[in-house]
Amino acid sequence: MKKAFILASSAVLFAACQGGEPQLGKASIDKVLRAMTLEEKVHFVIGTGMTGTGDEEMSATIGATKKIVPGAAGTTYPIKRLGIPSIVLADGPAGLRIDPTREGEDRTYYCTHFPIATLLASTWNQELVEQVGTAMGEEVHEYGADVYLAPALNIHRHPLNGRNFEYYSEDPLVAGKTAAAYVRGVQSNDVGTSIKHFAYNNQETNRTANDAVISQRAQREIYLKGFEITVKEAAPWTIMTSYNKINGTYTSQSRELVTTVLRDEWGFKGTVMTDWYGGDDGAAQMRAGNDMLQPGTDLQYEQIISAIRDGSLSEAELDVCVRRCLELVARSPKAKGYAYSNEPDLKTHATVTRQSALEGMVLLENKGVLPLKNVKNVAVFGCTSYDFVAGGTGSGNVNRAYTVSLLDGLKNAGFKVDESKKDVYLKHIADELAAYQASLPEDGSAAFYPTPRPSELIPSPKELTASARANDLAIITFGRNSGEFFDRSGADFSLNAKERKLLQDVTAAFHRAGKKVVVVLNIGGVIETASWKNTPDAILLAWQAGQEGGNSVTDILTGKQSPSGRLPMTFPVNLMDAGSSANFPIDADTGVYFVNRRVDIGQKDVDRTIYAEDIYVGYRWFDKKNLPVSYPFGYGLSYTSFAFDKAAVVPAGDGFDASVVVTNTGSVPGKEVVQLYVAAPSGGLDKPVRELKAYAKTRELKPGESETITLHVDAYGLASFNEKSSAWEAAAGEYNVCFAENSRDVRASVLFNLGEAKSWPVHDVLAPKQPIQKLL
């Protein structure tokens, strides 16, 4: 009788929650938890599967939950007798990924393709990123999803990481601040986020089994810092662990990472889930505190049940994970009975994506040609001018209604575009795409793979001469696709022979005619620029700007808005200049491993990657080695100019406030980014030359207008991690506070004295089995 009462009460509790209660309380969760059988608990923490598990009950569940939001990545396990609904987990991070059509329906379910993460980071504008996140969250909410599997904020350790387009920066402060703003925006819609991939997911090669061997200091200062910032500043509902291992242990099975650091030190209160099929031991994941295993398999169910039966996992440990999953379900729109409309405001969001992209495009070169003036007739070259890349493939793809090409963007702005070769280009693009698709396996296993860009067409000298005579300007677009599963090749880093010939031939012909040439880079990651950047008259790094890309590029080219994007990473002169190039799987051919596991044969940088560069990632490395770069971290040009004046630093709290007056000294409105770098006192731990500690973007300043920017840095923000004492330490002494345009262009500096050393002890965890130097 008592058991029956508990069951009835539990069902009523969740039903009440669906009726509008904001969240189940602790006592309510306790009742539901007591009512669950062991089998239900185990099912509940392992999701509902992806393509079927062979279990009759589970297969039936899959059939039901797939109908909630078709195309969503996964669902949680429902328990009808207790009134526990299934909530929907859907992919991001450049927009919601769901199926655009549904069986038996004539209408569409398109989502907005927003700019890729790298472009959002290039805005250096946290308020803007939060606005974009708010628009994304509205689509998640109105299409019936509960948790948005984004943002991704792993560090750009190496330029060839295939997933850099989904990540923000080589710098953990930029990554963390951008991700925190994104999370706040999305979650303002009463839906959750899942920040990922926690942690060290810095290569796609053998991503399901790679062992990242990293010092405690590099982990704390570089690879975990962005996650720490996001957890503390934005309180994401969930965190997704990564596929890889850290110092020999899968991240999803590392209690030191998932519980000691994340929960005990940072105070994370939400749910931790695996990446899809991540890890290899469901019981170990429960012990670690990895609460939810997605998408769920029979093997994981058996592993957990067996571990409880043999005593290696207690039911109390399982209950901790079950409770956190219940808390997630209870706060979801599904549990609250939200009647989603399937009618998000796609028109308004198209405007949001177009405008947000403007602030993240980076003007790399400009010999006076931009903004365009007295230009009417335009010739466009390069396949990507006709086939713009909106974003990446894989889980980061977005099924959108359209993508505006550069050709169409220019026409929309009133330019007369030479379309004499349009049909030739489009046929060439279609033919190469068809040939590629015909080469793929028929089982659909390559559905998420990035599609190669079409080879370039080289116009004849006669055609180029005629084009230069008939047009006022030439625009060449070079494109690169982005996607998961693969790291980029070494060849992808550089312009290939046809691209170089196209650039040389077009530039020569138009320059002979006294005409200018602009290059647009529609790319997702860093490429080599040093050898050719002086050839054209301007280079606009447009990144992959989402579905309105062609319109956004045109807005910048015409001066509708002055470019204000700044690089969130360094563009090296040579690929091998990057400190991580000595320990990265450049052009390693190992196949693709999504669900399967590669046999560990000890292959360097494939089975095990030693992060020998330690904390010296990106600009920290280039500055330490005093290496020339093509474009420094934080770099970007504008159509106007700015002056920094009255730089000052005053003590505030246990740190300082740094202020500077920024004045627009040019002739057009524009925005400036103030980047605050700090050089630590000498002595003690080895330190970078200087590190970014804070940044802010001005409002749009009219010519002659000024704004005072004030940035706060606390003592903890000045600290470095000391492995010997297992503590964050800020040394006493003079810190050189630098107000800069980029990492190599300091405009003003002021000294700040920290009167006494400060220390923040943490747990001594996540150490490599041997010192890094002994492993090299």
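Structure above, values below:
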| read-out | value |
| --- | --- |
| Top positive-direction residue, dipole computed over the chain with Cβ charges, set Leu718, Leu775, Gly634 | Gly634 |
| Computed FRET value (nearest 0.05) for Leu299 with Gln773, which takes r as the C-beta separation and R₀ as 56 Å | 0.90 |
| Simple label model, 7 Å out from Cα along Cβ direction - Lys702 to Ser725, nm | 5.3 nm |
| Rounded to the nearest 20 debye, dipole of the chain from Cβ charges on Lys, Arg, Asp, Glu | 1080 debye |
| Region 667-746 - Rg over Rh from alpha carbon coordinates, Kirkwood radius | 1.10 |
| Gyration tensor over alpha-carbon atoms, region 383-450, equivalent ellipsoid semi-axes in Å | 28, 17, 7 |
| Computed Kirkwood radius, in angstrom, where 1/r is averaged over Cα pairs of region 522-576 | 12.9 Å |
| Computed lengthening from Ala435 to Ala508, 0.36 nm per intervening residue step minus Cα-Cα distance | 23.0 nm |
| Whole-angstrom gap from region 298-356 to region 723-776, using each part's C-alpha centre | 37 Å |
| Where region 71-133 is the region considered: accessible area per residue in Å², 1.4 Å probe | 30 Å² |
| Over the chain - Rg/Rh using Cα atoms and the Kirkwood inverse-distance radius | 0.97 |
| Ratio of the Cα radius of gyration of region 135-290 to 2.2 N^0.38 Å, where N counts its residues | 0.97 |
| Relative contact order of region 82-204, pairs being alpha-carbon contacts under 8 Å that are 6 or more residues apart, as % | 30 percent |
| Candidate aspartates and glutamates for bridging to Lys26, where Cα separation is under 18 Å - those fewer than 8 sequence places away on the same chain excluded | Asp291, Glu317, Asp319, Glu327 |
| Environment charge of Arg255, counting only residues whose C-beta is closer than 15 Å and scoring Lys/Arg +1, Asp/Glu -1 | -3 |
| Where a label projected 7 Å from the Cα of Ala530 along Cα→Cβ would reach, residues of region 469-502 with amide N under 18 Å | 490-496 |
| Carbon and sulfur %, accessible surface of region 360-479 computed with the full protein complex present, 1.4 Å | 52 percent |
| Per-residue SASA entry for Ser667, accessible area with 1.4 Å probe, Å² rounded to 10 | 100 Å² |
| Residues of region 647-776: accessible area per residue with a 1.4 Å probe, Å² | 45 Å² |
| Ellipsoid semi-axes in whole angstrom, largest first, where each is sqrt(5λ) of the Cα gyration tensor of region 501-653 | 34, 26, 17 |
| Rounded to the nearest 20 debye, dipole of region 652-755 from Cβ charges on Lys, Arg, Asp, Glu | 240 debye |
| Karplus-derived HN-Hα couplings along region 655-669 (A = 6.51, B = -1.76, C = 1.60, θ = phi - 60°), whole Hz, x at Gly and Pro | x, 8, 9, 10, 10, 8, 9, 9, 10, 6, 9, x, 10, 10, x |
| CD proxy at 222 nm, helix term only [per DSSP H run n ≥ 4: -39500 (n - 2.57); per residue of the chain; nearest 500] | -8500 deg cm²/dmol |
| log10 of Debye I(q)/I(0), alpha-carbon scatterers only, for region 379-523 at 0.13, 0.14, 0.20, 0.22 Å⁻¹ | -0.63, -0.72, -1.32, -1.51 |
| Cross-link reach list, lysines versus Lys646, counting only Cα pairs under 19 Å and skipping chain neighbours closer than eight places | Lys671, Lys697 |
| Region 272-348 - accessible surface per residue (Å², probe 1.4 Å) | 37 Å² |
| Cα extents of region 289-405 along the three principal axes, largest first (Å) | 78, 33, 23 |
| Segments 486-497, 513-524 sorted - mean Cβ within 10 Å per residue, highest first | 513-524, 486-497 |
| Global geometry of region 94-188, whether rounded, prolate or oblate, following the gyration tensor of its Cα atoms and the 1.5 cut on a/c | prolate |
| Cα-based helix-to-principal-axis angle, 2-18 vs the chain, degrees rounded to 10 | 20 degrees |
| Farthest positive-ward along region 131-200 dipole, Cα basis, beta-carbon charges - from Thr193, His156, Tyr167 | His156 |
| Relative contact order, percent, region 459-609 [alpha-carbon distance under 8 Å, six or more residues apart] | 23 percent |
| Cα-centre dipole for region 305-408 with unit charges at Cβ (Lys and Arg positive, Asp and Glu negative), debye to 20 | 440 debye |
| Relative contact order computed over the chain (Cα-Cα under 8 Å; 6+ residues apart), in percent | 14 percent |
| Region 147-209 - Rg and Dmax from Cα coordinates, angstrom | 12.2, 36 |
| Rounded to the nearest 10 Å², the accessible area of Arg400 at probe 1.4 Å | 70 Å² |
| For region 210-275: rounded, prolate or oblate by the Cα gyration tensor [a/c cutoff 1.5] | oblate |
| Cβ-based charge dipole, region 340-474, positive-most Cα from Leu433, Pro452, Leu406 | Leu406 |
| Computed label-point distance, nm, for sites His712 and Ala652 using a 7 Å Cα→Cβ extension | 0.6 nm |
| Nearest-10 value in Å² for the accessible area of Arg184, using the 1.4 Å probe | 80 Å² |
| Degrees, to the nearest 10: 298-310 long Cα axis against longest axis of the chain | 40 degrees |
| Anchor Lys80: aspartates and glutamates whose Cα lies under 13 Å away (excluding residues fewer than 8 positions away in-chain) | Glu40, Glu57 |
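The values are calculated or read from the model by the stated rules, or taken from the named source; none is laboratory data. This structure is a prediction, so every number in the text was calculated from the model and none was measured. Every residue, glycine as well, gets a Cβ built from its backbone with ideal geometry; the counts of neighbours run over all protein chains shown. All accessible areas refer to the heavy atoms of the entire protein, side chains included, with ligands and DNA or RNA removed. Shrake-Rupley method; radii C 1.70, N 1.55, O 1.52, S 1.80 Å.
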